[in-house]
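Following: one structure in structure tokens, then a few remarks.
The values are calculated or read from the model by the stated rules, or taken from the named source; none is laboratory data. These numbers come from a predicted model, not from an experiment. Positions of Cβ are backbone-derived with ideal geometry, glycine not excepted, and every protein chain shown enters the neighbour counts. Heads up: the accessible areas ignore ligands, DNA and RNA and are worked out on the full protein's heavy atoms, side chains in. Shrake-Rupley method; radii C 1.70, N 1.55, O 1.52, S 1.80 Å.
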Amino acid sequence: PSLNDINCQTLTYSGADTIWVIGGVNWLMNMLWAPIPQREMKRRQREDPYPVTANIRTATMAGGLFAMDRLYFKELGEYDEGMGVWGGENMELSFRIWMCGGTMLFIPCSKVGHIFRPSHPYDFMGTNIVSKNYVRAARVWFDDELEFFYKLRPQFRDLDVGDLSERFALRERLQCKSYAWFIQNIYPELPLERDLIGAGRFRNDANFCFDTRGGDLAGGNFLYLGDCGDMTKPNMNTNRFMMFTKDGRIMGLNYCLDTGYGEEIRFEPCHNQGGSQQFSYDTQTKTIKQNGNRCLTGNSEKGYPVLDECREGDATQIWNFEHIYI
């Protein structure tokens with residue numbers, strides 16, 4: 001459905017007439033609203049004579065918007081009773097639906113009004129219950145990709161999340177596919193670790209790192225430079241986590257770097273069409289290039305990276321990845 005807003009003070013209802021997004025996911029296991037991919041637009045045009053009202057396949061769903069047959073919900077294993085209060089249950093159920101043989105759809109003509117409160121009305125009982133919920137889901141469903149999740153959240157590696165034996169047994173009974181299958185077939189916009197040449201902190205020889213300042217969670221925000229922290233210790237700051245894909249995209253958690261908006265480099269929706277979102281990494285000089293002769297340069301005076309003429313041995317243009325795969 002289309003998720004529309006009901007003002008919590010006035011109860012005024014507002015929202016879009018149609019759906020232009022799907023539910024996506026990043027490596028923090030956050031749900032995100034992403035533009036409908038071209039692959040899905042083409043599928044709708046190919047399979048439905050009325051593509052404007054055709055159902056839209058979505059990788060994930062917000063927790064309050066699920067509608068399914070009650071018997072299918074029970075067969076699928078209902079909610080994970082080891083989770084508590086709020087958070088993560090929608091992502092776990094989204095993975096389970098797709099990986100265990102189901103399909104999840106947005107219905108374009110369906111609308112759900114939601115009252116967005118200024119703060120959570122729930123009592124979290126002073127615990128890290130939300131983190132436990134997400135880690136429970138990751139340990140059950142991420143398979144070989146779990147280690148990459150820990151590279152973003154190293155503090156979760158030793159978190160006690162309770163007994164998972166019933167959830168593993170459920171997965172075995174339902175004969176579910178792998179998380180890699182989910183990414184490759186349901187949400188290929190998210191790269192797997194095997195699709196990367198580098199990840200984590202991007203540090204230049206002048207000792208500056210890329211810093212998203214949270215701007216990679218929404219389009220139109222800028223990339224900055226920041227302190228790298230102690231490179232001998234795990235990175236606990238997700239604002240410093242970036243990914244460089246083998247097909248030449250540099251991504252934050254949700255969006256791609258784009259040089260097409262002036263000197264400052266912005267995060268924009270990944271369009272997979274090259275151009276201002278296409279980069280290459282020279283393994284000999286350790287430079288990040290665009291158009292062959294322009295290098296990403298950590299300009300400390302301006303506080304953000306820029307594209308500049310490549311200069312041999314310039315410490316501001318020599319980049320190393322915290323996790324390197326080439």
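In this structure, ASN185 and PHE222 have a Cβ-Cβ separation that, at R0 = 30 Å, corresponds to a calculated FRET efficiency of about 0.35.
Once all protein chains are placed together, LEU76 keeps about 0 Å² accessible to a 1.4 angstrom probe. Return one number: the angle in degrees, 0 to 90 and rounded to the nearest 10, between the long axis of the Cα atoms of helix 38-47 and the longest principal axis of the Cα atoms of the chain. It works out to around 40 degrees. The modelled label-to-label distance for the pair ALA206/THR232, using points 7 Å beyond Cα in the direction of Cβ, is 2.6 nm. List, in the order given, every pair from LYS233/LYS286; LYS177/LYS246; LYS132/LYS302 whose Cα-Cα distance in the structure shown is over 31 Å. Flagged as over cut-off: LYS132/LYS302.
Remark: segment 119-124, residue by residue, has Karplus-estimated 3J(HN,Hα) of 8, 5, x, 8, 9, 8 Hz, where x stands for each Gly or Pro and the curve is 6.51 cos²θ - 1.76 cosθ + 1.60 at θ = phi - 60°.
Inter-label distance, ASN320 to ASN299: 2.6 nm, where each label sits 7 Å from its Cα along the C-beta direction.
If packing is taken as the average number of other Cβ atoms within 10 Å across a peptide's residues, how do 304-310, 65-71, 280-286 rank, most packed first?
So the order, starting with the most tightly packed, is 304-310, 280-286, 65-71.
Which of the three applies to segment 184-245, rounded, prolate or oblate, going by the alpha-carbon gyration tensor with a ≥ b ≥ c and a/c under 1.5 meaning rounded?
oblate
Of the residues TYR50, TYR325, the one with the largest accessible area comes first in the ranking TYR50, TYR325, computed with a 1.4 Å probe on protein heavy atoms. Note on surface exposure: ARG249, ARG139 rank ARG139, ARG249 by accessible area, highest first, 1.4 Å probe. Within segment 202-326, the proportion of Cα pairs with more than 22 Å between them is 27 percent.
Ranked by solvent-accessible area (1.4 Å probe, protein heavy atoms only, all chains present), the residues LEU174, LEU192 order from largest to smallest as LEU174, LEU192. Couplings 3J(HN,Hα) for segment 225-242, derived from phi with the Karplus relation 6.51 cos²θ - 1.76 cosθ + 1.60 (θ = phi - 60°), are 9, x, 5, 7, x, 7, 5, 7, 10, x, 6, 9, 10, 5, 5, 9, 9, 10 Hz, where x marks Gly and Pro. Hey, how much of the P(r) for the chain falls beyond 29 Å, as a percent of Cα pairs? That fraction is 44 percent. Remark on the chain: CYS8, CYS109 stand apart, with no other cysteine beta carbon under 4.7 Å. Once both labels are positioned 7 Å from their Cα atoms along Cα-to-Cβ, the gap between ASN4 and ALA67 label points is 1.4 nm. Remark: the THR12-TYR261 segment gains 86.0 nm on full extension, using 0.36 nm per residue and subtracting the alpha carbon distance.
Overall, the anisotropy analysis places segment 56-168 in the oblate class: the square-rooted eigenvalues a ≥ b ≥ c of its C-alpha gyration tensor yield a/c not less than 1.5, with a/b not exceeding b/c. Reducing segment 238-297 and segment 172-227 to their Cα centroids gives an inter-centroid distance of 12 Å.
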